[in-house]
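One structure is given here, and the rest of the page talks about it.
The values are calculated or read from the model by the stated rules, or taken from the named source; none is laboratory data. Keep in mind it's a predicted model, so treat the numbers as computed, not measured. Glycine also receives a Cβ, built like all others from the backbone with ideal geometry; neighbour counts cover every protein chain displayed. Areas reflect the complete protein model, heavy atoms only, side chains present, ligands, DNA and RNA absent. Shrake-Rupley method; radii C 1.70, N 1.55, O 1.52, S 1.80 Å.
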Amino acid sequence: MASWHVITGGPRSGAGTLIHELAFRGHHTVPEAARIHIDRANTSGVTTRKLRKDEKKFQRDVLALKLEAEKGLPRRRIIFLERGVPDSIPYYRNSGLPVHEAEAVSKGRNYGTVFVLDHLPGYTKDYARTESEATA
């Protein structure tokens, strides 16, 4: 069994806050791929709005980042990931992408534990979190 533990939940569930706290306490963590993708784009002068204008490309790029990140992780090390590869399935569905693409690469993922956090009240958008509260 893998020593990787996924922390997931919808936007505004506290997964990012929990990942930051685990990193602060010295644990090996992997932050959310979507936010990494957005941060990289923003740094190079591409706005979040422009990046997400093509939501299908955005979701495919995020899934590719997740796969690349997991490929380089040691299997036996305890690692906490903010979202796992299967998290792309509902995003594919919401974006109108063929869900089977995300399902195919999600099969065989062997996470030690998946912690699903509940939605917290007080949804707030930020530079990366652009979904409506209903979508979240």
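Some observations on this one:
- Complete set of residues in segment 73-97 that are out of contact with any strand residue (DSSP E or B) (no Cβ under 9 Å at 6 or more places or on another chain) and of a type in the set (Lys, Arg): ARG76, ARG93
- In summary, helices (runs of 4 or more DSSP H) completely within segment 1-93 and bearing 3 or more residues that are open to solvent by 60 Å² or more (accessible area, probe 1.4 Å) and free of Cβ contacts under 8 Å to residues at least 60 places away in the same chain occur at 15-24, 55-71.
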